[in-house]
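*Asks:* Mind having a look at this structure? Questions to follow.
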Amino acid sequence: MNLLRILSGFFFLATFFPLIKSDKWWIRIFDYPRLQKLTILILISLGWLIYSDLSQPEPWIWLGLIGIAVFYLGNQVYPFTPFGKKMIKKVPFREESGVHILAANVYQYNVKYSKLLNLVQIERPDILFFVETDSKWEKALNPLEKDYPFTIKIPLDNTYGLLFYSKLKIIRQEIHYLIDSEIPSLELDIELRNGDMITIFAIHPTPPVPGENSKSTDRDAEILIVGKKAKSSKLPSLVIGDLNDVAWSYTTELFLKISEMADPRRGRGTYNTFHAHYPIFRWPLDHVFLSKDFGLSKMKVHRNIGSDHFPISIKAVLIQERTVEPIRANGDEKKEARQKISNGLESGSKD
């Protein structure tokens with residue numbers, strides 16, 4: 001019984017920890033395992049029903065608390081199931097006005113280069129974006145340049161290297177160091193086959209974990225800066241990359257409101273991309289967000305390439321009739337986003 005009490009108390013508190021608006025890693029880490037917490041709480045409730053004396057009040061008190069937590073988590077998970085409301089409708093893919101993107105965190109110390117090359121050969125996307133790429137990865141992926149003539153290569157040994165390959169012409173390219181002088185991101189204008197232009201923001205902010213960053217301040221600021229850039233962009237925009245944040249976190253939802261972009265996961269599934277080696281610890285860390293000018297044709301999580309992340313791809317199409325139903329920020333949320341960005345810029349200037 002003591003074990004049930006300890007587990008019940010811990011997971012009840014863990015359910016509501018993310019409501020604390022603190023950027024400390026040991027609080028933000030509870031954003032990630034939402035579905036896992038829901039599953040464990042259901043199992044704990046079964047434990048109370050099976051192993052406790054239901055004629056006593058204590059089991060019912062615990063079951064009531066667990067019921068509150070389960071209801072809360074269920075509401076949080078529901079939008080990322082096929083029963084939830086879709087933010088963006090499905091449309092047929094048209095090559096001339098569409099774009100096919102493959103993104104992956106390759107894991108810098110992964111040496112199974114051929115697995116990624118084989119995946120590219122099978123999928124043949126228009127655009128490739130790979131993070132955690134060092135000089136070894138750059139050399140191993142050189143064969144891609146035969147089919148992808150437009151490249152941006154920033155190999156780094158700090159796990160924040162970027163490699164970008166495109167069959168479509170890059171009209172404008174900017175390399176930014178938005179928060180940290182050692183962590184690059186990309187802002188690119190790409191010309192589609194029909195001559196239309198789109199903007200792609202490709203990022204990989206730091207995670208709030210010990211050894212990387214003790215707080216989520218930098219990550220949150222970078223995500224929100226890009227959200228504001230996407231909102232003000234005059235071109236249809238996509239934001240892609242390993243955001244080191246889950247689709248259901250408060251920061252990601254604030255990003256959606258600030259950018260007025262769509263998350264294709266909503267109404268379809270979680271599309272978990274991490275951790276590739278531990279099924280019980282899986283959640284969606286790698287993202288593609290779409291502005292209201294796009295329709296969604298396909299989204300897919302691919303097989304393991306030896307990394308701790310699964311690659312993810314998307315096919316999106318520019319459309320005349322807008323199918324995106326964005327959520328918008330109110331005044332307080334806009335103020336909070338500005339404060340988070342200010343905190344991140346201040347934190348970055350001290351590093």
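Since every read-out is calculated from the coordinates, none of them should be taken as a lab result. Remember, predicted model here, so these are calculated numbers, not experimental data. Methodologically, a virtual Cβ is constructed for each residue, glycine included, from the backbone with ideal geometry; neighbour enumeration extends over all protein chains shown.
*Asks:* With a 10 Å radius around each residue's Cβ, average the other Cβ atoms per peptide and rank 4-17, 229-242, highest first. Write down the numbers at each step before the final one.
*Replies:* Details: 4-17: 15.6, 229-242: 19.8.
Descending packing order for the listed peptides: 229-242, 4-17.
*Asks:* What angle do you read, to the nearest 10 degrees and between 0 and 90, between the alpha-carbon axis of helix 217-232 and the longest principal axis of the chain?
*Replies:* 50
*Asks:* At 222 nm, what value in deg cm²/dmol follows for the chain if DSSP H runs of at least 4 each add -39500 (n - 2.57) and the sum is divided by all its residues, to the nearest 500? Before the final figure, lay out each step's value.
*Replies:* Numbers: 9 runs with 121 residues, N = 351.
That calculation yields -11000 deg cm²/dmol at 222 nm.
*Asks:* On a 0 to 90 degree scale, rounded to 10, what angle separates helix 113-123 from the longest Cα axis of the chain?
*Replies:* 80
*Asks:* Let me ask something additional. Relative to the longest principal axis of the chain, what angle (0 to 90°, nearest 10) does the C-alpha long axis of helix 34-51 take?
*Replies:* Once rounded, one gets 20 degrees.
*Asks:* Continuing with this model, one more query. What is the calculated FRET efficiency for Glu182 to Lys300, with r their C-beta to C-beta distance and R₀ = 25 Å, to the nearest 0.05? Could the numbers behind the result be given before it?
*Replies:* Values: r = 32 Å, r/R0 = 1.27.
Efficiency for this residue pair is about 0.20.
*Asks:* Once the Cβ-Cβ distance between Arg193 and Ile154 is put in as r, and R0 is 35 Å, what FRET efficiency do you end up with, to the nearest 0.05?
*Replies:* Values: r = 27 Å, r/R0 = 0.76.
Rounded to the nearest 0.05, the efficiency is 0.85.
*Asks:* Given Leu119, Gly269, Ile27, which one lies farthest toward the positive end of the charge dipole of the chain, if we put +1 on the Cβ of every Lys and Arg and -1 on the Cβ of every Asp and Glu?
*Replies:* With unit charges placed on the Cβ atoms, the residue in question is Gly269.
*Asks:* Describe numerically, in nm with one decimal, the distance between label points set 7 Å from Cα along Cα→Cβ at Thr81 and at Val209.
*Replies:* Taking the simple label geometry, Thr81 and Val209 are separated by 2.8 nm.
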